[in-house]
Amino acid sequence: MRWLTPARLRYAWIAGAALWGGWLLSLLLGQNHLDRTGQVIGTDYLQFYAAGWMIRHGQAARLYDPEAQLAAERMIIGPHLPSYHAFLNPPFFALLFVPFSLLPYELSFALWSLLQVMLLALSLRALRSGHSFWKSMGWALTFLPVFASVSFGQNGLLSLALLTGVWRLWRKGHDLAAGGAAGLLLYKPHLLLGLLALWMVEGPRGRRAFLGFLLMGAALFVLSLAVLPEATWAYLSFAGAVYPDLPSWKAFPLWHLHSLRGFWRLLLPWWPRLADLLAALAALVGVIAVFRFWRSHRDPGLRFALAVALTLWLTPHAMIYDWAILILPAAILEEALPSKREEQRAIFAGIWLAAFLSAPLVLAARAAAGIALMPTLPTLAWGGWRVFQMAGLEIERGRNRI
């Protein structure tokens, strides 16, 4: 695309460098576990660290008690803690952070951040895109969801690594193992919606993958029940009470909710039920479109790439860092449609720009008018439509050659 000139692409590198540099400077200038802006270092990482800390201090039974969580977080950060960070994941995920909680908070966060960057590198190595590894790594680090996953202390790059592992196993025909690897994502089950839809149309392969998924899910449930029985039952009750209307929480950062539900609630803040209905209708349209595509396109890469994108279209709860998983379909599409790489770069650039500008645009619009248009979801829809068109042209070109 002519507008994607080298000079313009340099702005993305500059913006990415400014983002990382500003954040690191804020960490260095902060004190008492807070950065220069007064936020907890690692932001969301506190909830994971506190969950591991609570298990280690014999408080697992109160893992989903907000008062106990807040008390633990104040023990870790101090009475000057600016806000409460709720642990919302299943109890088996909290077990991962028990060893991390043995370290001082800042060192633990640094180690988790390093682990996330390593998982990103491993994912890119496994995907073997057409670019050099270091160039791919550099571009990935400029992508706001990647930055958000690291700076927020979140798990978006763990999700990317697991989905990359699922793709490699699926591509090699290890269907049961692919389903089992997908089951590890049950710490965020909504990130599996696209894969579950794909397996529904994949016949015996899909059924084997679904069996592997169920076996892993059962194993994780037994592990949770054996090690953290009170927390497991508390989580089931907590999830049923909290998840259905999580965006209605008073302090919920709606501008970071990059889902159809977040899109319509930002656009129609005074009519949340109407917004949810429109989100459901848009999700249904997306499902129909993708299923029609799957019926006419048998390429496993195209099908898997759209399954990952469909996940972000269907899930009611995708924060900005969850969009880091789009690195996977980006790499797959470059391999599946090599003759359309210029068009694909335009799609990737559009999504990159929408993600980068989304928060400031949404916050400014809400402050000025009380409503806002989240740009990421329309851009994702446009990108999906362009992929449909490109794949159709590729098939037509192959028929003409025959």
Next on the checklist: Using just the Cα positions, wrap the stretch 28-101 in a convex hull and report its mean projected area in square nanometres, one decimal place.
Outcome noted: 4.7 nm²
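Using helices alone, I'd like the mean residue ellipticity at 222 nm for the chain: each DSSP H run of four-plus residues gives -39500 (n - 2.57), total over residue count, nearest 500. Present the calculation step by step, with values, prior to reporting the outcome.
Numbers: 18 runs with 279 residues, N = 402.
Value at 222 nm, helices only, nearest 500: -23000 deg cm²/dmol.
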Item to check | Normalised per residue, the volume of the convex hull around the Cα set of the stretch 227-293 (Å³) | outcome: 142 Å³
Checklist entry - Just one of (1) -0.24, -1.22; (2) -0.23, -1.08; (3) -0.36, -1.22 is log10 I(q)/I(0) by the Debye sum over Cα atoms at q = 0.06, 0.13 Å⁻¹ calculated from these coordinates, so which is it? => result (1)
Checklist outcome for this item: Expected max-MSF residue from Leu111, Leu254, Leu314 in the GNM of the chain (alpha carbon, under 10 Å) is Leu111
Checklist outcome for this item: Two pseudo-spin positions, 7 Å from Cα along C-beta at Arg8 and at Glu67, lie apart in nanometres by 5.7 nm
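Taking a temperature of 25 °C and a viscosity of 0.890 mPa s, what whole-number D in µm²/s does Stokes-Einstein yield for the stretch 288-345 with Rh from Kirkwood over alpha carbon pairs? Display every interim value, and only then the final one.
On the way: Rh = 12.2 Å.
This corresponds to a translational diffusion coefficient of 201 µm²/s.
Averaged across orientations, what area in nm² does the convex hull of the alpha carbons in the stretch 277-402 project? Could the numbers behind the result be given before it?
On the way: hull surface 33.2 nm².
Reported value for the Cα convex hull: 8.3 nm².
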Next on the checklist: Just to check I understand the Karplus step: with θ = phi - 60° and J = 6.51 cos²θ - 1.76 cosθ + 1.60, what whole-Hz values come out for the stretch 297-308, glycine and proline as x?
Outcome noted: 10, 9, 4, x, x, 4, 5, 5, 4, 6, 4, 5
Checklist entry - Once the principal axes of the Cα atoms of the stretch 32-152 are found, what is the range along each, listed largest first in whole angstroms? => result 50, 33, 22
Checklist entry - Roughly speaking, what is the centre-to-centre gap between the stretch 269-294 and the stretch 159-212 when only Cα atoms are used, to the nearest Å? => result 23 Å
Checklist entry - Sequence-distant or interchain residues sharing an amide H contact under 5 Å with Gly30, placed H: which? => result Arg36
Checklist entry - the stretch 165-312: D in µm²/s via Stokes-Einstein (Kirkwood Rh, Cα pairs, 10 °C, 1.306 mPa s)? => result 92 µm²/s
Checklist entry - Using the Karplus equation 6.51 cos²θ - 1.76 cosθ + 1.60 (θ = phi - 60°), what ³J(HN,Hα) coupling, rounded to whole Hz, does each residue of the stretch 349-363 give in order, writing x for Gly and Pro? => result 5, x, 5, 4, 5, 4, 5, 5, 8, 4, 4, x, 5, 5, 5
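Coordinate-derived values only; no laboratory data. Quick caveat, the model's predicted, so the values are computed rather than measured. Backbone-built Cβ (ideal geometry, glycine too); neighbour counts: all protein chains shown.
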